[in-house]
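This report refers to the structure that appears directly beneath it.
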Amino acid sequence: MTIQESGKITHPLNVIVATDCGSTTTKAILIEKVGDEYRQTYRGEAPTTVEAPFEDVTRGVLNAIAEIEELSGRKILDGDKIITPCRDAKTGVDIYISTSSAGGGLQMMVTGVVQNMTGESAQRAALGAGAIVIDVLASNDGRLPHEKIERIRTMRPDMILMSGGTDGGAVTHVVEMAEYISAAEPRPRFGATYKLPLVYAGNKDAQPQVKKILGEKTALVLTDNIRPVLERENLAPARNKIHDLFLEHVMQQAPGYKKLIEMAGAPIMPTPAAVGVIMETIAKREHLNLIGVDIGGATTDVFSVFEGLFNRTVSANLGMSYSISNVLAEAGLANIMRWVPFTIDEQTLRNRIKNKMVRPTTIPQTLDELQIEHAIAREALRLALIHHKSLATALKGIQQERTISDVFEQQQSGKTLIDMLKLDLIVGSGGILSHAPRRVQSMLMMVDAYEPLGVTRLSVDSIFMMPHLGVLSTINEKAATDVFVRDCMVYLGTCVAPIGQGKDGERCADYVITFPDGRVDKGQLLFGDLRLVPLAGDQKASITIQPAKQVNLGAGAGLSVTREVQGGVVGLMLDSRGRPLQLPSDHNARVAALMKWYNAVGLYPTA
Amino acid sequence: MAHSYTPGLTVTEHTTVRRRRMLSLPGTVLVAAGEVVRANQAVARAELPGKVYPLNLANQLGVGPDEIQEYLIKKAGDRVQKDEILAENKPLIKWLKTEVRSPVTGVVESVSMVTGQVLLREPPRVLELLGYVDGRIVEVIPQQGAVVETDCSLVQGIFGIGGETRGEIMLAVTSPDEALTPRQLTAEMKGKIVVGGSFISSDALTRAKEVGVAGLVIGGIHDKDLRALLGYDLGVAITGTEQVGFTLILTEGFGAIPMAGKTFTLLSAHAGQPASISGATQIRAGVIRPEIIIPTQLSAVGTLSAVAVPQREGIRIGDQVRIIRDPLFGKIGEVSSLPSELQKIPTESEVRVMEVRFADGSKAVIPRTNIELIEGA
């Protein structure tokens, strides 16, 4: 196998080292050709080094690779250089490739003319694109011009979205705002090597003036007005531009990125793009409806393929380290507490979450800390899916209209493409899911957060290598497929969840499972039950479920369903806790219910 | 053993720092390279455009927007005093006369025949940019600002709120594990940088505001008290512009956590000396931590020393570390062993660990990611 780059044939590709530079950790994996197939053999990780004094992402890369060196006995580094190609069986690698999301979340500032009109539209556009809106500046926001200017400068946004004015309307205020931004000379957070991206989506008549004022000082992108007329909101073009700039521009500004590009033998891919490649490939190869998630430290990326249509969203404010406090702020304490199977006072929990925020690289050391992180992850996953559902709509590519009568309603129009009943597979990735000490923890986190309906298969990225394989697939499809099938994708099992609610202990459904060896397991599912039936990953069983009168498994209320289900490292999860899932409101009853469920599936070690 | 990078906060008796002082818009730089400056001295000045007041003349006069030109007394570019007539109509009957007076003193910036709106702009305001630290100018950026360098003691905090300020360091407690109570905050602490111990309660925060302290340096605070102080729940740690009456710097984290002995000792040693502090924090890639800068001495003009960039190596046996995750959160000890094999911890995760020895001789095994180096000589 050889790779061809810019027309030149290079060496055989037998040993590959790949890294993903995340916002918190840099993960390195070693892939080696063993016989005829490629296998992932060693992994190493190190904190991502974008903090002072290193401010150089390659330091973390070298540290992570050094860990692989130590574990594998292979010499890969020569000082600060990666030895390519292989010199002998134990020296060097044939190629180094990488993905990166080390830029962290997308922090945007938006501007409008009237705060509750264009200001809000701009905010919706930015939020929809997955940004954290750190401030909304408007001509009438009550702040003095110099306060606005100072704000732009001190906040160091990653990107600015400018809006304001209807097409053909007055240009003065938009131009004035452009002047303030110009006066602020906004500096991107990673130094002066690139210009701050700015999307202008305001009155199209002001484009020439805005271009004149900001064209030199910023990386200006002009797009359609998000409020072309007062009665209509047109967010898609601005959102798309924000997405593009985030993936291709902002995220790649981590310190040392230029060095990283030089080190790599193939173009550096943004992590979500690389994961997206993998997700899309799985869905297309197996003709599935799929939801994929990559929950990181700063962001949670959700991918979906329904009826062949691919969608991706980046929830830049939902993550397990940098953004952990934002999960608390968005979900609310009660929603996080509802998953914690013990009593903890609010103050302690709040302090712990804030401590994780200020020291994002730490890991839970005790079981209760792990359970708290898993509780927060459930909420981050849930919120990110809500965000995704609101964007993955049937109107993709078509302008979304908001009439004047809807101005005061914040709901999204357009039917979502995400149909949980038609969902075949959920794929989880990211530290909290890939590194959960027990696989069943990943499975239940996703089941609790997504509440799959009917019969849904679940899988997880074994040690978080989907980004690596996504970029690898662009240079060597076989190596990526080999490793993906054998080492990456871990099928957890299948979740069977009837739709409907009932009192705890009431009959939900009867089931008959016929195993491949002919064994038959018959039983009854009661509301409030969660059960695990062992079924190995290479096994398929047949399940027939006869739901109670008011309960539905996809065929209609009370109608029997027979499906073939695939096993996994966890097995078959029979979830008759009810859909929508409702937890007891009483604290003690809730803790008792959680303990019952967690023990039923062996979620955590028991004392 | 692999080269292991560990994040850390600097607490050092002697270092040299440079701080870039930049105007928010082009102006005049008031200092020259080599000049010695004081923290409260202006190093640059800019004129900020005044506040803009829109006034719809067409509505007030009851005429069409395209007609207002003929009623204007003042034209675009004219200066105007508060209450001076901007426009008036000329009715046949005198008592039907309408006069529109200026609500501000300033300049008529523009008159729109499309909207009938007049924009008035107040006179520019002068913004002075201070030096922030006592030091010397090592670089001047024309029209924008300057770089100040100072030899100093430096303490980096983990999190802060509020902007730059300065004052004399004053200790309010006698030991790093003592909590700061309202009673310890006295009137003489007005304008001072008050150093507490392990914790500050909401009552003491209120008292600090009453007293008028310039800054508070403390081990920890409860998140709920921070929320009450700010008036909102902080989602992402990007701070520096809060205005709560003082600048707050946490050296350890959230909760009641004794201040690291090294930090407390350093601050104690400099009691009575002026310090510059900033609460600005950005916890994300490109991190900014809050800081306490205590200038030690001013070098004579012309003896500009090179800035020593601290070279941080991996963690070593004997290094002083702070544990930054429960159950031993906040404890400080010394690295006693660095095993390279993965070890199983109570969560059942297999991770790289280190052994830490505490002052009382006891030892604990801690995941490597859950410690922080206390840096600086």
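Mind listing P(r) for the stretch B:158-289? All alpha-carbon pairs, 5 Å bins, whole percents.
Computed distribution, short to long bins: 2, 12, 22, 27, 23, 10, 3, 0, 0.
Determine the dipole magnitude for chain A: charges of +1 sit on the beta-carbon of Lys and Arg, -1 on that of Asp and Glu, nothing else is charged, the reference point is the Cα centre, and the result goes in debye to the nearest 20. All intermediate terms of the calculation are to be shown ahead of the outcome.
Working: 63 positive and 67 negative charges, 57 e Å.
Computed charge dipole of chain A: roughly 280 debye.
Please compute the contact order of chain B in relative form: average sequence separation of alpha-carbon pairs under 8 Å and at least six residues apart, divided by the residue count, as a percent. Spell out each step's value before the answer.
Working: 963 pairs, mean separation 70.9, N = 377.
Computed over chain B, the figure is 19 percent.
How big is the charge dipole of the stretch A:107-253 about its Cα centre, in debye rounded to the nearest 20, if each Lys and Arg gets +1 on its Cβ and each Asp and Glu gets -1 on its Cβ? Don't skip to the end; give the middle numbers.
Working: 17 positive and 17 negative charges, 61 e Å.
Rounded to the nearest 20 debye, it is 300 debye.
Where in chain A lies the longest segment free of chymotrypsin sites (Phe, Trp or Tyr not before Pro) that are both loop residues by DSSP (not H, G, I, E, B) and have at most 16 other Cβ atoms within 10 Å?
With a cap of 16 other Cβ atoms within 10 Å, the longest stretch comes to A:409-607.
Whose amide H sits under 5 Å from the amide H of A:I95, counting only residues 5 or more places off or on another chain, with H placed in the peptide plane?
The list, which skips near neighbours in sequence, is A:V15, A:V17.
I need the shape label for the stretch B:160-208. Rule: rounded when a/c is under 1.5, else prolate if a/b > b/c, else oblate, with a, b, c from the alpha carbon gyration tensor. Walk me through the intermediate numbers first.
Working: a/c = 1.38, a/b = 1.33, b/c = 1.04.
It is rounded, given that a/c, with a ≥ b ≥ c, falls under 1.5.
Under 16 Å Cα-Cα from A:K211, which lysines qualify once same-chain neighbours fewer than 8 residues away are excluded?
Leaving aside lysines fewer than 8 places away in the same chain, those within reach of A:K211 are A:K195.
Who wins for biggest fluctuation among B:G162, B:G64, B:G318 in a Gaussian network model of chain B, springs between alpha carbons below 10 Å?
B:G64
Under 1.5 on a/c is rounded, so check that first for chain B, then, if it is not, pick prolate when a/b is larger than b/c and oblate when it is not; a ≥ b ≥ c are the square roots of the alpha carbon gyration tensor eigenvalues.
prolate
Per-residue Cβ counts within 10 Å, from other chains only, averaged over A:163-170: what number is that? Walk me through the numbers on the way to the answer.
On the way: counts 0, 0, 0, 0, 0, 0, 2, 4.
Neighbouring Cβ atoms belonging to other protein chains average 1 per residue here.
Hand me the trypsin sites (Lys or Arg not before Pro) from the stretch A:525-566 located in a DSSP loop with no more than 11 other Cβ atoms within 10 Å, in residue order please. Before the final figure, lay out the partial values.
On the way: sites: A:R531, A:K540, A:K549, A:R563; in loops: A:K549.
Passing sites in the stretch A:525-566 are A:K549.
Between rounded, prolate and oblate, where does chain A land on the alpha carbon gyration tensor, with a ≥ b ≥ c its root eigenvalues, rounded for a/c under 1.5, else prolate if a/b exceeds b/c? If you can, show how the numbers build up before the last one.
Working: a/c = 1.79, a/b = 1.20, b/c = 1.49.
Cα axes put chain A in the oblate bin.
Please turn the phi angles of the stretch A:201-214 into ³J(HN,Hα) values with the Karplus equation 6.51 cos²θ - 1.76 cosθ + 1.60 (θ = phi - 60°), one per residue in order, whole Hz, x for glycine and proline.
For the stretch A:201-214, the Karplus curve yields 9, x, 2, 5, 5, 8, 3, x, 5, 4, 4, 5, 6, 10 Hz.
Only helical DSSP H runs with n ≥ 4 go in: add -39500 (n - 2.57) per run for chain A, normalise by residue count and round the 222 nm mean residue ellipticity to 500 deg cm²/dmol. Please report the intermediate quantities before stating the final value.
Values: 17 runs with 189 residues, N = 607.
After summing the helix terms and dividing by the residues of chain A, the value is -9500 deg cm²/dmol.
Along the charge dipole of the stretch A:292-362, Cβ charges K/R +1 and D/E -1, which of A:N326, A:V293, A:I353 sits furthest on the positive end?
Going by the Cα projections, it comes out as A:I353.
Just how large is the dipole of chain B about the Cα centre, in debye to the nearest 20, putting +1 at every Lys and Arg Cβ and -1 at every Asp and Glu Cβ? Can you show the working numbers first?
On the way: 39 positive and 42 negative charges, 93 e Å.
Using Cβ point charges on Lys, Arg, Asp and Glu, chain B gives about 440 debye.
Taking amide H positions as placed in the peptide plane 1.01 Å from N, state which residues far from B:E109 in sequence (5 or more) or on other chains have amide H under 5 Å from it.
Placed amide hydrogens put B:G77, B:L119, B:L120, B:R121 under 5 Å from B:E109.
The numbers here are math on the coordinates, done by the rules we state, and not lab data. Bear in mind the structure is a predicted one, so any value in this text is a computation, not a measurement. A quick note on method: Cβ atoms are made from the backbone with ideal geometry, for glycine too, and the neighbour counts reach across all protein chains shown.
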